[in-house]
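Below: the structure, in structure tokens.
Bear in mind these aren't lab numbers, they're just calculated from the coordinates by the rules spelled out. Owing to the predicted nature of the structure, the values given are computational and were not obtained by experimental measurement. Methodologically, a virtual Cβ is constructed for each residue, glycine included, from the backbone with ideal geometry; neighbour enumeration extends over all protein chains shown.
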Amino acid sequence: MAFDDKYETFALGDWSLQSGETIPNAHIAFKTFGHPSSPAIVFPTWYSALISHNFWLIGDDKHLNPNKYFIIIPALFGNDQSSSPSIPISDHFHAFSFIDNVRGAV
């Protein structure tokens, strides 16, 4: 299956991190496949990967089958699509944890 690389973003506003720091104007990128009324699977990227790096796992003959599931792929903070050091907002980029990524994705 061929998929388009376009994705959506969701504005989180000033996002408080587990460390106590705040990322101003934070956002999380995501892409969905399938119908929202189907059972959901959240399958995040990893820190250095883009959303499109998960496309090989999605298809009618794969475990991530969009005909059976609503698949949500959020991009973790720091991966270049969601808020990350490559999208500068100041001279300092905040330390974020996996918990911060989970909170941002849900």
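Couple of notes before you dig in:
- Qualifying trypsin sites (Lys or Arg not before Pro) in the stretch 1-79, where qualification requires a DSSP coil assignment and no more than 13 other C-beta atoms within 10 Å, comprise K6, K62.
- Max mean-square fluctuation residue, GNM over the chain, Cα-Cα springs under 10 Å, options W46, W15, W56: W56
- Max mean-square fluctuation residue, GNM over the chain, Cα-Cα springs under 10 Å, options I71, I28, I58: I58
- Calculated [θ] (222 nm, deg cm²/dmol) that DSSP helices of n ≥ 4 give over the chain, each run adding -39,500 (n - 2.57): -2000 deg cm²/dmol
- Computed across the stretch 8-105, the Kirkwood radius stands at 14.1 Å (inverse of mean 1/r, all Cα pairs).
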